[in-house]
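Comments concern the structure below.
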């Protein structure tokens, strides 16, 4: 997606709070683990997609399970959820959804470039339609008024003819071309903005999210003191002002966050090996 703004929330956060599982056994399947959460594989995919695309954490399942889990269990949950997320992100389904989302958020196509002939023909047709409508009222005006109108219409037809075949045609062509160039430049700038937020390759968007997660989670103060003023907040006002992603890592704990960071680094390394910057 990319423009570095609030949208840069990575699917890593899904692993920490969303796609938690109650138990992980070597024989268990992904469906078994998701069933323990009371969610379907489809809902899990939606949560992953929403977290990558919408820039918000898409809640799914029972995250209380994660909160109550031991540190080793949390690490296992994170690795499971991230593996599930990466598997989905690498599917054609995710790529198709991403392409649809990118197209929907892109600039409109350029309008068809009008031709000088079409513009002039429409202009003349509009004029002649007005003349025809005025002629229907001739019985309501004096002969002198009719003559004045006819003279004005003759003059207008000469002007139209001059524009269609004379020097003014070249002026009109120049104006149309200048307008088209301006439209093309404006759209090119809009496309650049879209590419910055939503790169053409979904993998580039994923890489941006992974880098953002690694940046945000790089300096979590896990031993920070909390106080209760109706809800738990950081005693240090500077820490309380940190972004929600940072606080999420704090709540997840160091082992779980370290596991997520290790997964993110490997994933990012694999993407870079594929030529994704």
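The values are calculated or read from the model by the stated rules, or taken from the named source; none is laboratory data. Note that the structure is a prediction, hence the values are computed from the model and not measured. Every residue, glycine among them, receives a Cβ derived from its backbone with ideal geometry; neighbour counts consider all protein chains shown.
Hey, any hits in segment 188-197 for a residue that's surrounded by 15 or more Cβ atoms within 10 Å (Cβ to Cβ) and in contact with a helix residue (DSSP H, G or I) (Cβ under 8 Å, 6 or more places away or on another chain)?
Looking through segment 188-197, at least one residue is surrounded by 15 or more Cβ atoms within 10 Å (Cβ to Cβ) and in contact with a helix residue (DSSP H, G or I) (Cβ under 8 Å, 6 or more places away or on another chain).
Residue 172 versus (1) modelled with pLDDT of 90 or more; (2) part of a helix (DSSP H, G or I); (3) touching a helix residue (DSSP H, G or I) at 6+ places or on another chain (Cβ under 6 Å): which is the lone unmet condition?
It is condition (1) that residue 172 fails.
Anything in segment 103-113 that is touching a helix residue (DSSP H, G or I) at 6+ places or on another chain (Cβ under 7 Å) and closer than 11 Å to residue 198 by Cα? List them, or say none.
Selection gives 105, 106.
Would you be able to tell me the number of residues in segment 114-163 that are under 23 Å from residue 177 (Cβ atoms) and outside any helix (DSSP H, G or I)?
2
Every residue, every condition in (1) within 21 Å of the chain's Cα centre (by Cα); (2) surrounded by 17 or more Cβ atoms within 10 Å (Cβ to Cβ); (3) within 30 Å of residue 72 (Cβ to Cβ), yes or no:
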position	(1), (2), (3)
181	no, no, no
209	yes, yes, yes
231	no, no, yes
241	no, no, no
248	no, yes, yes
269	no, no, yes
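Spot the failing condition for residue 57; the list is (1) surrounded by fewer than 18 Cβ atoms within 10 Å (Cβ to Cβ); (2) modelled with pLDDT under 90; (3) not in a helix (DSSP H, G or I), and only one is missed.
(1)
Does segment 86-103 include one or more residues that are outside any helix (DSSP H, G or I), out of contact with any strand residue (DSSP E or B) (no Cβ under 7 Å at 6 or more places or on another chain) and in the same structural domain as residue 49 (by TED's automatic domain parsing)?
Scanning segment 86-103 turns up at least one residue that is outside any helix (DSSP H, G or I), out of contact with any strand residue (DSSP E or B) (no Cβ under 7 Å at 6 or more places or on another chain) and in the same structural domain as residue 49 (by TED's automatic domain parsing).
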